[in-house]
Every structure is written in structure tokens, then in C-alpha cells.
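Input: one structure, supplied below.
The values are calculated or read from the model by the stated rules, or taken from the named source; none is laboratory data. Remember, predicted model here, so these are calculated numbers, not experimental data. Reconstructed Cβ throughout: ideal geometry from the backbone, glycine too, with neighbour counts over all protein chains shown. With ligands, DNA and RNA removed, areas are computed over all heavy atoms of the protein, side chains included. Shrake-Rupley method; radii C 1.70, N 1.55, O 1.52, S 1.80 Å.
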Amino acid sequence: MKTLGLIGGMSWESTAEYYRTLNELTRDRLGGLHSAQLVLYSVDFAEIEELQTAGRWEEAGTLLANAARSLEAAGADLLLICTNTMHKVADQVSAAASVPLLHLADATADAVRAAGLRRVGLLGTAFTMEQDFYRGRLATHGLDVLVPDAPSRALVHQVIYQELCLGVVREESRATYRRIILDLVAAGAEGIILGCTEIELLVRPEDSPVPLFPTARLHAEAAVTAALG
């Protein structure tokens, strides 16, 4: 098995899910006591969030690029950024290392297309929903991406940073997300991309009348396939 290099900690709540899922998938595919061969570089999310809010993306990219170099030096054969939002600096991270970066949006788009869908709703941080780095990447795969209206985007973002990144899961927030999902479906969404890795802590398949695409799990599945391939 190739060694996976995880750039995590954004937040550690979802990185813990990555670790669990990668090991479960490896065990399921190889059997017995097998587990994933990986190295993890976990950053201080408070520092990253401050740079995000200030729009200092290049500085944030430098931090992740340094993490990528450290992971390569530790033996990583394949890199994963364990967060959707920080794929805004994916090119900067990829350029810092000579081993490939498995882009989360590509893994997600492959799953959507494999399901035979084209028009999808996207939930995530405000950065992910409103900027082109992620939506544009999905569009290169032929997907038509819908996002909630501005008030709903603000609610989705608030729940991520003020609750889910802190490990807080509230039924009231689940109900809010259900309503926003129904609005996207009414607008024509055939599926919903959970485009923030923490959202998988809150939203379940039964919360949506259309298929959900949990990006952290899809990323992990693609990573294990690549590592074992």
C-alpha cells in the first residue's frame, strides 16, 4: 500500500473522520488486521481560520505547502488536503511537492457523474459556495452547480464554524439544513454535495430526498483506491 499524506486539522473533527474512514476502508478491502499506511500533518485551525477571514490565502497556502513538503519527507506517496475550503490553495500545495495531490473536488465530481447526475446543490463554507475555485473545478467535469440564496449561505457557514468545527451537533441546525436542501431540490438539484467535511457530522441520508455526496468519505474512498492500485 502506498503511504497517504494527510494535511489535516481543518478542523480536527473532520480529520478524525478521515482517519477512521481510511482505516475502515483499508480493513474492508484487505481484511484481517490491515489498516491504512499514512502520515498526518495537523495544523492549528485557529491560525488558518484567521488567514481565511482576512483573505490572506497565499499565507495560508504557504503553511499548507510546508506541510506538504514535510509529509513528502516523511514518506508520503500521495497527498490529501482534508478540507474542501483549503482547496483554494491546492495549486500552491501541489507545486510544493513532487508527489501527486488527490483533489477532493475531482473525487466528488467522479462520484456524481458515476451516479448519472449533472445538476447538484452545493453546501459548504461561504468561501466554497461563493468563490470559483471549487464550483469552477466541478464545472470542468460537466456539472451544473446550484448554491443556496445569500441568507441560507450565511446560515450554512455559521453552523460550520460556530458548531460543527467545535464538535457541536444540534437538531435545530439539522432542521435548518434540511430546509435549505429542500430549497435546492425545488430549484432543480438532483443531488446534494456536502462540500464541507464537517457537514457529514450533521446531515444524514434521510435528511435529503435526493442523493447526498459526502465529500470526506468520497475523498477517502478515492485515496484508498489509489493507494492500493
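Could you tell me which of the residues Val169, Val159 is within 14 Å of Ile199 (Cβ to Cβ), in contact (Cβ under 8 Å) with a residue 24 or more places away in the chain, aliphatic (A, V, I, L, M) and not in a helix (DSSP H, G or I)?
Val169
Here's the yes/no breakdown for (1) at pLDDT 95 or above; (2) within 22 Å of His87 (Cβ to Cβ); (3) open to solvent by 10 Å² or more (accessible area, probe 1.4 Å); (4) small (Gly, Ala, Ser):
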residue: Met129; (1), (2), (3), (4): yes, yes, no, no
residue: Gly136; (1), (2), (3), (4): yes, yes, yes, yes
residue: Tyr177; (1), (2), (3), (4): yes, yes, no, no
residue: Pro205; (1), (2), (3), (4): yes, no, yes, no
residue: Pro209; (1), (2), (3), (4): yes, no, yes, no
residue: Ala220; (1), (2), (3), (4): yes, yes, no, yes
residue: Ala223; (1), (2), (3), (4): yes, yes, no, yes
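Can I ask one more? Among the residues that make up the stretch 65-83, is at least one of them surrounded by 23 or more Cβ atoms within 10 Å (Cβ to Cβ), touching a residue at least 24 places away in the same chain (Cβ under 8 Å), assigned to a helix (DSSP H, G or I) and polar (S, T, N, Q)?
Checked against the condition, which is being surrounded by 23 or more Cβ atoms within 10 Å (Cβ to Cβ), touching a residue at least 24 places away in the same chain (Cβ under 8 Å), assigned to a helix (DSSP H, G or I) and polar (S, T, N, Q), the stretch 65-83 yields no hits at all.
A follow-up question, please. Does Arg56 satisfy the criteria of being open to solvent by 10 Å² or more (accessible area, probe 1.4 Å) and over 17 Å from Ala216 (Cβ atoms)?
Yes: the conditions hold for Arg56.
Hey, can you tell me all the residues within the stretch 1-38 that are in contact with a Phe, Trp or Tyr (Cβ under 9 Å, 6 or more places away or on another chain), not polar (S, T, N, Q) and not in a strand (DSSP E or B)?
Answer for the stretch 1-38, where residues must be in contact with a Phe, Trp or Tyr (Cβ under 9 Å, 6 or more places away or on another chain), not polar (S, T, N, Q) and not in a strand (DSSP E or B): Gly9, Met10, Trp12, Ala36.
Examine the stretch 153-169 for a residue that is open to solvent by less than 10 Å² (accessible area, probe 1.4 Å) and of a type in the set (Ser, Thr, Tyr), and state whether such a residue exists.
Within the stretch 153-169 (the criterion being open to solvent by less than 10 Å² (accessible area, probe 1.4 Å) and of a type in the set (Ser, Thr, Tyr)), the answer is no, since none of the residues qualifies.
Search the stretch 212-229 for residues being closer than 18 Å to Glu198 by Cα and assigned to a helix (DSSP H, G or I), and hand back the single one that is farthest from the chain's Cα centre (by Cα).
Looking at residues that are closer than 18 Å to Glu198 by Cα and assigned to a helix (DSSP H, G or I), I get Glu221.
So that you can scan it fast, the table gives a plain yes or no per residue for (1) aliphatic (A, V, I, L, M); (2) in contact (Cβ under 8 Å) with a residue 24 or more places away in the chain; (3) open to solvent by less than 70 Å² (accessible area, probe 1.4 Å):
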residue	(1), (2), (3)
Arg29	no, yes, no
Leu38	yes, yes, yes
Asp44	no, yes, no
Glu47	no, no, no
Met86	yes, yes, yes
Val93	yes, yes, yes
Ala107	yes, yes, yes
Ala111	yes, yes, yes
Ala115	yes, yes, yes
